[in-house]
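K.L.:
This is the structure, below, for whatever I ask next.
The values are calculated or read from the model by the stated rules, or taken from the named source; none is laboratory data. The shown structure was predicted, so the numbers you read here are calculated from the model rather than taken from an experiment. Methodologically, a virtual Cβ is constructed for each residue, glycine included, from the backbone with ideal geometry; neighbour enumeration extends over all protein chains shown.
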Amino acid sequence: MSDDKREKQTPQAQSQPEKRKGGRRFLKWFLGILAILALLLVVVGVAAYFYVSSRGFFDRWVQPNVEQALGCELRVDEYNLSPLSHVRLGGVTVQPVAGEEETPLRLANLNVRYDALAFLGGTIRVKEMSLDGLTVRMYRDAEGAIHGPFPTMRPGEAMPAAPKGPAPRATPAPSEEKTPREIRIELPFELDIRDVQVRDVNVFFEDRMGGEGKVYRAENLAVSIPDLSLERDSKVDVSVH
């Protein structure tokens, strides 16, 4: 009887190690698939990181959108981007339109250090921003349109037409006179910009509307903004060197 019992128990005893081996094989297969997927994600992430940092990405995606927004041709000599921390542009020039010789905008250097992880929380957080060697040229033509490094602003589009003759002025209520009007700007994100430094700023405006062009200029300006936010009061320091 003992020999028969041993013979009956032997197949069951042998099936248990086989089940364990099958479970181990499945676990190894599953972990192998996870390792391959993780490796693919790393490869794709590294490739995307280097592509976004490349000049090809800037020339193919960034520059055309900026040119479309400005309505001008743009030239950038240097592009250096670290997607998680900073961007640097050098030798930025807005090309003159047909018939003009002066460039509407020149910028020697632009450096921006930002917190990319804050973007995920809906906050545009810039730790430091510096602009060096900024020159802007604008002019008003004989028809009153203003040209510069932006889409042309025509009189009817730039501001509403002035009324003919003085309009009657309504007398506000006493409560309206004492209560100042408050302007609020609401954005779908929070804005937090620190340590803005703009150096060597030159602005030229030529008025050609009256025939002989008069040139108004502001040269060698410097602007410093320690803290720029829509939620707090911001201090702006402007100086002439």
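K.L.:
Tell me, which residue of the range 108-132 that is farther than 24 Å from His241 by Cβ and among the hydroxyl-bearing types (Ser, Thr, Tyr) is modelled with the highest pLDDT?
P.N.:
So, considering only residues that are farther than 24 Å from His241 by Cβ and among the hydroxyl-bearing types (Ser, Thr, Tyr), the one modelled with the highest pLDDT is Tyr114.
K.L.:
What are the pairs, 6+ residues apart or on separate chains, where a residue within the range 201-214 that is closer than 12 Å to Ala142 by Cβ has its Cβ under 6 Å from a residue that is modelled with pLDDT of 85 or more and of a type in the set (Lys, Arg)?
P.N.:
Asp207/Arg140; Asp207/Lys214; Met209/Arg140
K.L.:
Checking the structure you have, find out if any residue of the range 80-93 is more than 19 Å from Val126 (Cβ to Cβ), β-branched (Val, Ile, Thr) and either surrounded by fewer than 13 Cβ atoms within 10 Å (Cβ to Cβ) or in contact with a helix residue (DSSP H, G or I) (Cβ under 8 Å, 6 or more places away or on another chain) (or both).
P.N.:
no
K.L.:
Shifting gears a bit: Return only the number of the condition from (1) farther than 21 Å from Gly122 by Cα; (2) at pLDDT below 80; (3) polar (S, T, N, Q) that Ser229 does not satisfy.
P.N.:
Against the list (1) farther than 21 Å from Gly122 by Cα; (2) at pLDDT below 80; (3) polar (S, T, N, Q), Ser229 comes up short only on (1).
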